[in-house]
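First comes the structure, then the notes that go with it.
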Amino acid sequence: MASSRVDYTAMEWASAVPFYGSAAVHEGRDIVQLKVLSDRRREGGGIAWLVKFTPPPGKLIKIVATALSDEHVFSLQGGRSTKSGQPVQGSGGYSLNPEGQPHSAMISAETTALVIYTGEPDEIKSMEVIDISSTG
């Protein structure tokens, strides 16, 4: 197979609804967007994308998912937070959710990450926009 190269800076952000479901849009605005860098699932490989989360002011995006294949997440900007919006893992962080692993994330600030799946992407169990808690 030949090498594949893309210029992600020239790519437009696309709606993440096909992967994250209708909750990727909140009040008519895409709050989760993707740039699919490669998709080799038909050849038995995985899929890689840049994902951008943009929670509304005063809110956070809460995601609950199960990894359908090993998921590698490299935080490039922003990162996960607590219910009170305090950063837990910022840019430069890396996490691995192995196949079968239930996991969650709360995102309270614009966040961009490189996500690489070794096969199918996560099964999103729920995704919702909630108020940032004052209790943490």
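The table below gives the values:
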read-out: Cα-based Rg of region 70-127 normalised by 2.2 N^0.38 Å, two decimals; value: 1.11
read-out: 1.4 Å probe accessible area per residue over the chain, in Å²; value: 56
read-out: Rounded to the nearest 20 debye, dipole of region 23-86 from Cβ charges on Lys, Arg, Asp, Glu; value: 160
read-out: In region 1-38, the trypsin sites (Lys or Arg not before Pro) that fall in loop regions by DSSP, at most 10 other Cβ within 10 Å; value: R5
read-out: For L68, distant residues with modelled amide H under 5 Å away; value: G100, D122, E123
read-out: Cα lying deepest toward the dipole's positive end in the chain, options G85, L96, F19, charges on Cβ; value: G85
read-out: Share of carbon and sulfur in the accessible heavy-atom surface of region 75-136 [1.4 Å probe, %]; value: 50
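The values are calculated or read from the model by the stated rules, or taken from the named source; none is laboratory data. None of the values given here were measured: they were computed from a predicted structure. No Cβ is skipped: glycine too gets one built from the backbone with ideal geometry, and neighbour counts run over all protein chains shown. We work out accessible area using only protein heavy atoms, side chains counted, and drop any ligands, DNA or RNA first. Shrake-Rupley method; radii C 1.70, N 1.55, O 1.52, S 1.80 Å.
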